[in-house]
Structure formats: structure tokens, C-alpha cells
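To start, the structure under review is shown below, and the notes come after it.
A short reminder: the numbers here are calculations on the coordinates, not readings from a lab. In this text, all values refer to a predicted model and were calculated from it rather than measured experimentally. Neighbour counts run over all protein chains shown; Cβ positions are idealised from the backbone, glycine included.
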Amino acid sequence: MNESTPITESEVQALAANWYAKLDAHAPVEDFMPLLAQQGLEMHYPEGVFKGIEGFQEWYNRVIRLFFDEHHELKEVAVLQPADPANATVVVNWQGSFWKPPEPRSQRIVLDSYHTWVVKRSPDTNKPAILKYVVEKLEYAKGSARL
Amino acid sequence: MGATGSITEAELRQLADEFYGRLAAHAPVEQFDELLAKEGLVMKHPNADLHGRDGFAQWYGNTIHRFFNETHTVRSVTITRTVSDAECEAEVVEGWQASFWNPPEPRSQRIQADSGHLWGVRRDPDTGKPVIVTYAVTSVQYAPGSARL
């Protein structure tokens, strides 16, 4: 395998599954490094655009202190055409709780999140890594709390 | 002046329901004033002895910033000693469930426990209603699988 080997849908599926499992586990931020492009990373969340590894760390260190009891379930991963880099669409169902002390009750968010990803092989490992991650839209379930 | 005569278990039950209902609701601390003695209040929790309404307010402020999704269920109220028409001691057993979370851990934890208390209660001289004067946690029995304090 070399850098020009097209990235397949199954590879992106595995990357996404790995990515969301680590988010659920609030894994150490270092564990995400093999999944992220070390140069040129760009992540677009509803709360803002985060650039580079430092940007990801800033976002991640905030959300793991904001949400708990998270569960991500991949619903759909599609690669339009195998390539390197490859454009993918990812749909994930996310559930997460937050609590604002001293309110008596925590709140639960339940939504489907629609993304477009650009995935590129790492020059170090040759494995696919996220280069661009864009949250395109959020569809809240009935009764869900809001971000 | 409200009711007079010996404090009844029905009155104590109402006091316990109101006290624990307000704890579960994280009610404004001022709403506990009518349930707690103005003078001489002493509350003994497993990790703290509280004195006066100020002591309660400090403990309560910490508690409502630590626990959420609480339920308190009064299981029994039994008068164990009648001191006078206006004063008695009672055993109160309540079931408590509550969650807490230590960021950035991924999961919250849930406590489920039955706790026994010994309450000293007397009629408030102004309202005639029973108020808590002494409150001591005498036992905590965790349910299987419960998180621990």
C-alpha cells in the first residue's frame, strides 16, 4: 500500500467507529492523534471552527467537561468515490447528558448529526486520518434538550 | 399559632415529605426555614456536623452542586420518644437516589441507599408547626451496585 492507494468506504467506516468509541470513552486526547491529520486539520462544529491539533484539543477538553453518559451510534458512512483524499458523508446518532448546577435535573440530548469528512492517508502510518470534519446539520429527536 | 398538643406521626410524615421533597427539587434554601428550628439546630451527616441554619445552608449549597436527578422517598416515620406535648424524637427512614459526575470521566455514577435518621422535633413557638431541631444520620445501607459516597 502506498499514499496513492484510494481510501475505501470500509476504511472510513472503521475510522468513524474508532473515532466515536473514543469520544464515548472520553479517551485521553493522545489516543486521537492517529485518527487526525497532523497538518491542515479543520473541524467545523456548531460552536465554531477549530484548526489544527491544538484546535481539536481545545474543543475536546471542553466537551469532556460538559457532556457525560455519551453514546454515539454510526448510522451511515458513504464514500462517493474511493480516492486519497476521499470525501465522505457520515451520519451518527448522538446521545449525551449535561448538567448545570444547581439545577435539580440533568438534561439529555438526542440527535442525528450529519457530517462531511475529508479523509487522507497519514504519511507516517498510511492509514486514513481525518483532514476536515464538518457538522452540516443537527436533527434533534422529539423531547431532546438543545445545545 | 397553629396546632397544639402532642406531635403526631402524621405531622412528622408531612414534615419529612416536605423536607425531602425540597431537597429533591433543589428548592431555594429559604424554603427550608419553615422546616428547621430557628435556634439550636444541629444536623449530623456522615461527613459533617452542621450547626444552625447557616450550617445547613452551607451544606445544602455544596450538596446541590454535587448531586442531581435526586429522589427521596420517605419509607417510615416512627415516634420513638415523646419529650413533651411540644417535643418528640422520631426515627425516619428514607430511600435516596442521586447521580454525581466527576468531569472529565465519561460516565456519571448513581447512588441508591436507604438511610436511617434520628430526628428531634419540636413545635415552632410562632407557627405551632413541627420543625427539625436535631437530625442525625444513624445508618446508610447501599443497594447492590450503588456508587458510594
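Please compute the alpha carbon radius of gyration of segment A:47-86, then divide it by the globular-protein estimate 2.2 N^0.38 Å. Two decimals is fine. Rounded to two decimals, the normalised Rg is 1.62. Converting phi to 3J(HN,Hα) with the Karplus coefficients 6.51, -1.76 and 1.60 and the offset θ = phi - 60°, segment B:12-26 yields 5, 4, 5, 4, 5, 4, 5, 4, 6, x, 6, 4, 5, 7, 6 Hz in sequence order, with x at every glycine or proline.
Which value at 222 nm does chain A reach when only helices count, each DSSP H run of 4 or more adding -39,500 (n - 2.57), with the total divided by all residues and rounded to the nearest 500 deg cm²/dmol?
Estimated from H runs of four or more residues: -6000 deg cm²/dmol.
Over chain B, DSSP H runs of length four or greater, each weighted -39,500 (n - 2.57), average out per residue to a 222 nm ellipticity of -6500 deg cm²/dmol.
Counting only Cβ charges, +1 for Lys and Arg and -1 for Asp and Glu, the dipole size of segment A:9-140 around its Cα centre is about 200 debye. Our summary of shape: the Cα atoms of segment A:9-140 have principal axis extents of 50, 27, 23 Å, ordered from largest down, in whole angstrom.
Using alpha carbon centroids, what distance separates segment A:115-147 and segment B:65-79, in Å? Value for the Cα centre distance between the two parts: 43 Å. Taken one residue at a time, the phi angles of segment A:116-132 give Karplus couplings (6.51, -1.76, 1.60, θ = phi - 60°) of 10, 10, 10, 10, 9, 5, 6, x, 7, 10, 6, 8, x, 9, 6, 9, 9 Hz. Gly and Pro are set to x.
Computed across segment B:1-47, the Kirkwood radius stands at 12.4 Å (inverse of mean 1/r, all Cα pairs). Using the Cβ atoms and a cut-off under 14 Å, what net charge is assigned to the surroundings of B:Phe32, where Lys and Arg are +1 and Asp and Glu are -1? Residues near B:Phe32 contribute -3 overall.
The alpha carbon radius of gyration of segment B:9-142, expressed as a multiple of 2.2 N^0.38 Å, is 1.06. Simple rule: put +1 on each Lys or Arg Cβ and -1 on each Asp or Glu Cβ in the protein assembly as shown, find the dipole, and look at A:Gly48, B:Val29, B:Trp96; the Cα lying farthest toward the positive end is A:Gly48. Residues whose amide H falls under 5 Å from that of B:Arg107, counting only those 5 or more places apart or on a different chain, are A:Asp69, with hydrogens built in the peptide plane. 3J(HN,Hα) along segment A:102-113: x, 4, x, 10, 6, 10, 10, 9, 9, 7, 9, 10 Hz, from the Karplus curve 6.51 cos²θ - 1.76 cosθ + 1.60 with θ = phi - 60°, whole Hz, x for Gly and Pro. Considering chain A as a Gaussian network with a 10 Å cut-off on Cα pairs, which listed residue, A:Arg62, A:Arg105, A:Arg121, attains the greatest mean-square fluctuation? Judging by the Gaussian network model, the answer is A:Arg105.
Computed over the Cα atoms of the protein assembly as shown, pair by distinct pair, the Kirkwood hydrodynamic radius stands at 22.8 angstrom. Note on segment B:42-60 and segment A:61-109: Cα centroid distance 41 Å, given to the nearest whole angstrom. Which FRET efficiency, nearest 0.05, do A:Val49 and A:Asn126 yield, Cβ-Cβ r, R0 30 Å? Computed FRET efficiency for A:Val49 and A:Asn126: 0.60. Here's the picture: charge each Lys and Arg Cβ at +1 and each Asp and Glu Cβ at -1 in segment A:9-140, and of A:Gln95, A:Trp59, A:Val119 the one pushed furthest to the positive end of that dipole is A:Trp59. The chymotrypsin sites (Phe, Trp or Tyr not before Pro) found in segment A:14-96 include none that occupy coil by DSSP while having at most 14 further C-beta atoms within 10 Å. Structure remark: mean-square fluctuation, Gaussian network model of chain A, C-alpha springs under 10 Å; the largest value among A:Gly48, A:Gly96, A:Gly40 belongs to A:Gly48.
Each Lys and Arg adds +1 at its Cβ and each Asp and Glu adds -1 at its Cβ; summed about the Cα centre, segment B:9-142 shows a dipole of about 420 debye.
Amide H to amide H, with H built 1.01 Å from N, B:Lys44 comes under 5 Å of B:Leu50, B:Tyr135, B:Ala136, B:Val137, counting only residues 5 or more places away or on other chains.
Seen from all directions on average, segment B:40-85 presents a Cα convex hull projection of 4.9 nm². At most 16 other C-beta atoms within 10 Å and a DSSP loop state: those are the exposed GluC sites (Glu not before Pro) I care about. Give me the longest piece of chain A that has none. Longest site-free region, per DSSP loop and neighbour criteria: A:48-147.
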